[in-house]
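Reviewing the structure listed below.
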Amino acid sequence: MLELDSKAPARLRHHSREQVFLLPGQWYFGHTGATVKTLLGSCIAITLWHPRRHMGGMCHFLLPTRLRTPDGSLDGRFGDEAIELLGREIKKSGTHSKDYEVHLYGGADTMPDQTRVKFNIGERNVEKAWALIDKYGFQLQCVDVGGNEPRSVMMDLSNGQVVLKRGKTHSALKG
């Protein structure tokens, strides 16, 4: 059963061997056999895997950063805050960020034909993700960013395997 953790905004909890689907702004960190999935356009997914401790997680953020609220609460919708939330979990687990293998996905321009004002959200998200990976000292293993296609990312927390699919899934009904 999937449930929202009331102690930390947008952190998902689940029972082992379940599938966790991250919506924008959500994140997961753990060491069970869960499968964590998400769909991306201009958003970013960063996966973390500790190969010796067999633990890790994923975040799905929408925007690079924001001005902090007066109460100081963190919001996983923003890259710097999502990684800070994961960083807190890493610290609680007694591990170090430099020991985690990281994958970086997303940052697409899913509306390339739009000729009006471009905000380059995907591009800005990718730049922020690179900076955060460097800041935390993660070991970058795989990157698939930019372009115009949406992505589907799935991480198996029983072994750290990450599967990426690009493009739209089409289905046809036979009649």
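About the Cα centre of the range 21-151, how large is the charge dipole given +1 on each Lys and Arg Cβ and -1 on each Asp and Glu Cβ? Please answer in debye to the nearest 20.
300
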Problem - Straight-distance crosslink candidates among aspartates and glutamates, where the alpha carbon sits under 18 Å from LYS98 and sequence neighbours closer than 8 are dropped - result: ASP80, GLU84, GLU89, ASP134
Problem - Packing-based ranking, highest mean first, of 25-33, 141-149, 54-62 given that Cβ atoms within 10 Å are counted - result: 54-62, 25-33, 141-149
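What list do you get for GLU123, GLU18 if you sort them by fewest beta carbons within 10 Å?
Numbers: GLU123 17, GLU18 13.
The most exposed by this proxy come first: GLU18, GLU123.
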Exercise for the section: Check the straight Cα-Cα distances from LYS168 and name the aspartates and glutamates below 13 Å, setting aside those fewer than 8 residues away within the same chain. Expected result: GLU149
Exercise for the section: Sort LEU67, LEU164 so that the residue with the fewest other Cβ atoms within 10 Å of its own Cβ comes first and the one with the most comes last. Expected result: LEU67, LEU164
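Values in this text are rule-based calculations from the coordinates and carry no lab data. All of these numbers come straight from a predicted model, not from anything done at the bench. Methodologically, a virtual Cβ is constructed for each residue, glycine included, from the backbone with ideal geometry; neighbour enumeration extends over all protein chains shown.
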